[in-house]
């Protein structure tokens, strides 16, 4: 069975920050779900076919933005319909099977103009929603008000540029702060916000990223020649 794939996912910050296990599982679920985007969770088979042991709780947590549990053993890729079909129409015979599957799984999609899916119904069967990420849950490495304020500003900055931090990226940044120390971490955060960066960079890292443009003057460029006397 052939399916479309979103090639721009490699430049999506959410996808970039996934662990290798989460990336592989994302591909696996996408290839093994039904035509409505629903996968019957089979952990043993997935681990056998992928050839690795999976930390399921952590991996599902990474993917939580784009999957929804319909029950304890059934999950749905929320973007599957829009990626595969773009628009669904009950007047199209080829879409009848898709509507049957959506009804079977009790998925109530909110349809926008021209049949474009805009969202889905709320969580069911008592499956908890992903908890809101906050600094108390992640326990910041430094307790000063200055660092807390800098962190809050960084989280707000990422939201302002439409690139909110994921739990994975927060954990990684907190580990980096521990290595940098408080003063340096605050400095890097403030500079990254002022520069409009999506990531946190030490000043030397940014300097190393700047490359000198090669000259295009060709033979017209003067080349110093060292004369050696014999």
Global geometry of the range 1-85, whether rounded, prolate or oblate, following the gyration tensor of its Cα atoms and the 1.5 cut on a/c:
rounded
State whether the range 135-179 is rounded, prolate or oblate according to the following rule on the C-alpha gyration tensor (a ≥ b ≥ c being the square roots of its eigenvalues): a/c under 1.5 gives rounded; otherwise a/b larger than b/c gives prolate, and the remaining case gives oblate.
oblate
Quick check: the distance between the Cα centres of the range 139-184 and the range 69-105, to the nearest angstrom?
38
FRET efficiency, residue 41 to residue 103 (Cβ-Cβ, R0 25 Å, nearest 0.05):
0.75
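Only the coordinates and a few stated rules stand behind these numbers; no lab work does. All values reported here derive from a predicted model rather than from experimental measurement. A quick note on method: Cβ atoms are made from the backbone with ideal geometry, for glycine too, and the neighbour counts reach across all protein chains shown.
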